[in-house]
Amino acid sequence: MSAFNREGLISEVKGWIAQCGFMFESSPDSKYDFVLNFSETDNLPSLQLIHQKPESPFYLLVGLVKIPKSDRDLLRKIDVGRYSRMIWDLKLRLLGMGVDFTVLGPDEFDPDAWEVQCRLFINDADAAVFYEVCSKVKRALIGIIWTYKRALDTGL
């Protein structure tokens, strides 16, 4: 892919970000072809649009939720078995939402963070499809946050 096409893709995606009402944050240096950070509000996790390689036919739309160690410690202390079931239930719910996810950290039953991602194929993409995929990732991230909040508020 030529630099012109790459710059054209970046410009197009920045236009979608603006058209959908998101706030563009940055284009960090990365090992990928390009990465764009953006957010909807200060209260929600930022999202990233990643184009991994110049020849890649899709973007990855990625969001990350970090879980504070103190919250995880408290939930394990309340009931480690129910905490483990909560993690399983959350994984199954995410699968049902049609998103890909990765549990980050040394223990998959006590995640340090959850990364949620969806593919957005370049040839099928426009602002409406971009917004739909962003909404899907955002709903998954909010679901993760609320699952932990409910567990903390109700003692699992």
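Is it the case, given these coordinates, that S56 is in contact with a helix residue (DSSP H, G or I) (Cβ under 9 Å, 6 or more places away or on another chain) and assigned to a loop (DSSP other than H, G, I, E, B)? Step through it out loud before you land on a result.
On the way: in contact with a helix residue (DSSP H, G or I) (Cβ under 9 Å, 6 or more places away or on another chain): yes; assigned to a loop (DSSP other than H, G, I, E, B): yes.
So S56 passes the test.
Filtering region 109-155 to residues that are in contact with a strand residue (DSSP E or B) (Cβ under 8 Å, 6 or more places away or on another chain), closer than 16 Å to L90 by Cα, of a type outside the set (G, A, S) and in contact (Cβ under 8 Å) with a residue 60 or more places away in the chain leaves V137, K138, L141, I144, I145. Residue-level check: of (1) among the hydroxyl-bearing types (S, T, Y); (2) over 21 Å from I122 (Cα atoms); (3) at pLDDT 95 or above, T41 misses just (3). Flag: K149 matches the condition of being among the basic types (K, R), over 17 Å from the mean Cα position of the chain (by Cα) and assigned to a helix (DSSP H, G or I). Just so you know, in region 103-153 the residues that are over 16 Å from K69 (Cβ atoms) and small (G, A, S) include one that is surrounded by the most Cβ atoms within 10 Å (Cβ to Cβ), and it is A140. Scanning region 86-126 for residues that are assigned to a loop (DSSP other than H, G, I, E, B) and out of contact with any Ser or Thr (no Cβ under 6 Å at 6 or more places or on another chain) returns M97, G98, V99, G105, P106, D107, E108, D110, P111, D112, A125, D126.
The values are calculated or read from the model by the stated rules, or taken from the named source; none is laboratory data. Please read these numbers as outputs of a predicted model, since none were measured by experiment. Cβ atoms come from the backbone with ideal geometry, glycine included; neighbour counts cover every protein chain shown.
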